[in-house]
């Protein structure tokens, strides 16, 4: 029994692909542009075009389709919820009514688009984390934020915090898994009884976990001080980021494609 | 009454890029009142094996049977199996959570539904068996020393009176005195009729204290038998990453240099043999 699968959706999947090889700064910017574009999508043909783009990106990144689609799983409930709200609360020509509940054709269409938009957002955003190592991502963010450092923005500190937090997610999942198993072996059960009983069953997991987290944080702080860590000034990198021609190309072509899609959307509607 | 493991195999993350096989075709039988040690280096699959024995992990390939009940992912027998097979995890002191040592030890029997009037006796008995002073029962487990914390953790499994006890690296990080103390505790439990499975990378304890030893290498059985058989096998086919006990290694070296020395892990036996041959 494994409570937390290590293959959590959205986690970096190593592969040799053009998408993996792009500079993280390029990928962050491109994803931002894509997400903006998806927000503006309104026409069915444009949605279809986004779907084709998604399929193309999956192929280019050499990722299993199942894995990519799986990253939408966590927002499926949110998407369904949003969609159902639009179904029930959109005014228009009633298609079907039952008492105070009115279902309109406008509502159905809007619900479908809203749900699709949310799912597309998550799917495209997940490419960033699926094809970029967490450390690269943090480095990229640090570099993108560094112009703001002169206004007192703690770019390096934020990136370091993010790096550490990301680094410890798998470790803490492992620890949680181990503690849950240990308490199971002592007769705890996490899936029996009412809500209150189930919540209470997590106390024997949470307390040891907190103890471990604080211990780890302290150990890490000592280890960093022992190696003379004193913030970002003057630090060099083990793997410096390199901007290649492909990055420039991606940064021109993708926004161009997004612009065309948005423009097509406007003129179709 | 025994735990029977037949052709057990296990793969982590099947069907993903991270797929790794951790166990392959493992079979053995453990009777109550006997002590089996499972030895192997880090990543040999010994912890995975241990977690199969009380159903924390359900078998993917092969079977695990506890007193005639098959271990499955879900089933009416699962709780009964977990109550019969106590499992002490690696660094068990990290699972402590209660306000007092007493509450910590009472956690397991309460979960198994032991009547309240019996719990007091259970807690005291388990504390005594684990070598904990009764004055510690009212303290917070977080105030105790590392060695004492581990004793609390072991007592907190003993208090549910299991018929079998599986311990994953219980000696890790302990000094040699505490290691011997723990081995004595396990030997006492075994005399009392409990079946012991000791998971360890310390061949010294495995060979000198147990009735049978299973050596794992990369999830496969590298040797299985009595300590003497296993040592002979390991001398012929060394398992990488698993060091022979000092005495056994010395004895082997002497034999390779043409001296008459026995296949043993016991320094007295080696000493006597050397004295005899030098006379």
* Expected 222 nm ellipticity per residue - DSSP helices of 4 or more, -39500 (n - 2.57), all of the protein assembly as shown, to 500 -> -17500 deg cm²/dmol
* Structure fact -> Ordering B:1-7, B:12-18, B:166-172, A:132-138 by per-residue average of other C-beta atoms within 10 angstrom, highest first, gives B:166-172, A:132-138, B:1-7, B:12-18
* Given 5 Å bins starting at zero, what is the percent of C-alpha pairs of segment A:118-176 in each, up to the one with the largest pair distance? -> 4, 18, 18, 19, 19, 15, 7, 2, 0
* Would you list the P(r) distribution for segment B:165-279, with all Cα-Cα distances sorted into 5 Å bins from 0 and each bin expressed as a whole %? => 2, 11, 19, 21, 18, 15, 8, 4, 1, 0
* Structure fact -> Going fewest to most other Cβ atoms within 10 Å around each Cβ, A:242, B:179 line up as A:242, B:179
* If contacts are Cα pairs under 8 angstrom and at least 6 residues apart, what is the relative contact order of chain B in percent? -> 22
* Could you work out the mean projected area of the convex hull around the alpha carbons of segment B:105-236, in square nanometres to one decimal? => 9.4
* Asked: What ranking do B:248-261, B:82-95 get when scored by the average of other Cβ atoms within 10 Å per residue, highest first?
  -> B:82-95, B:248-261
* To do: Grab the beta carbon distance between residue A:169 and residue B:271, set R0 = 45 Å, and tell me the FRET efficiency rounded to 0.05.
  => 0.25
* Structure fact -> Expressed in angstrom, Rg and Dmax over the Cα atoms of chain B are 20.1, 66
* Rounded to whole Å and sorted largest first, list the principal axis extents of the Cα atoms in segment A:91-210. => 55, 54, 28
* Taking the Cα atoms only, what angle lies between the long axis of helix B:246-256 and the longest principal axis of chain B, rounded to 10 degrees? -> 20
* So what's the gap between the Cα centers of segment B:201-264 and segment A:66-103, to the nearest angstrom? -> 66
* **Pairwise label distance in nanometres, residue A:246 with residue B:253, each label 7 Å out on the Cα-Cβ vector** => 5.4
* Asked: Roughly what would the spin-label model give for residue B:31 and residue B:237, points 7 Å off Cα along C-beta, in nm?
  -> 2.7
* Asked: What angle, in degrees between 0 and 90 and rounded to the nearest 10, separates the Cα long axis of helix B:101-111 from the longest principal axis of the Cα atoms of chain B?
  -> 80
* For the protein assembly as shown, give the share of DSSP beta bridges that are antiparallel, in percent and rounded to the nearest 5; count only bridges with both residues there. => 55
* Ranked from highest to lowest mean number of other Cβ atoms within 10 Å per residue, what is the order of the peptides A:235-241, B:141-147? -> B:141-147, A:235-241
* Cα centroid distance between segment A:235-269 and segment B:57-112, in Å? -> 54
* What area, in nm² and to one decimal, does the C-alpha convex hull of segment A:195-269 cast on average over all directions? -> 12.7
* Let a ≥ b ≥ c be the square roots of the eigenvalues of the Cα gyration tensor of chain A; is it rounded (a/c under 1.5), or, if not, prolate (a/b larger than b/c) or oblate? -> oblate
* Structure fact -> If N is the residue count of segment B:98-162, its Cα Rg over 2.2 N^0.38 Å rounds to 0.97
* Structure fact -> Shape descriptor, the protein assembly as shown: equivalent ellipsoid semi-axes (Cα gyration tensor, sqrt 5λ, whole Å, largest first) stand at 55, 31, 24
* Asked: How many angstrom lie between the C-alpha centres of segment B:36-50 and segment A:161-195?
  -> 22
* What is the calculated FRET efficiency for residue A:206 to residue A:149, with r their C-beta to C-beta distance and R₀ = 51 Å, to the nearest 0.05? -> 0.85
* Structure fact -> Taking Cα atoms only, helix B:176-191 is inclined relative to the longest principal axis of chain B by an angle, in degrees rounded to 10, of 70
* What does the average come to when, for each residue of peptide A:173-186, you count the partner chain Cβ atoms lying within 10 Å of its Cβ? -> 6
* To do: Please build a GNM for chain B, connecting alpha carbons under 10 Å apart, and tell me which residue among B:20, B:100, B:63 fluctuates the most.
  => B:20
* Calculated P(r) tail over 22 Å for segment A:14-132, as whole % of Cα pairs -> 42
* Evaluate the distance, in nm, between pseudo-label points positioned 7 Å from the Cα of residue B:246 and of residue A:33 along their respective Cα→Cβ axes. => 6.8
* Structure fact -> The orientation-averaged projected area of the Cα convex hull of segment A:14-60, in nm², is 3.5
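Readers should treat all values here as calculations from the given coordinates under stated rules, not as data from a laboratory. All values derive from a computational prediction rather than experimental measurement. Note: ideal-geometry Cβ built from the backbone for every residue, glycine included; neighbour counts use all protein chains shown.
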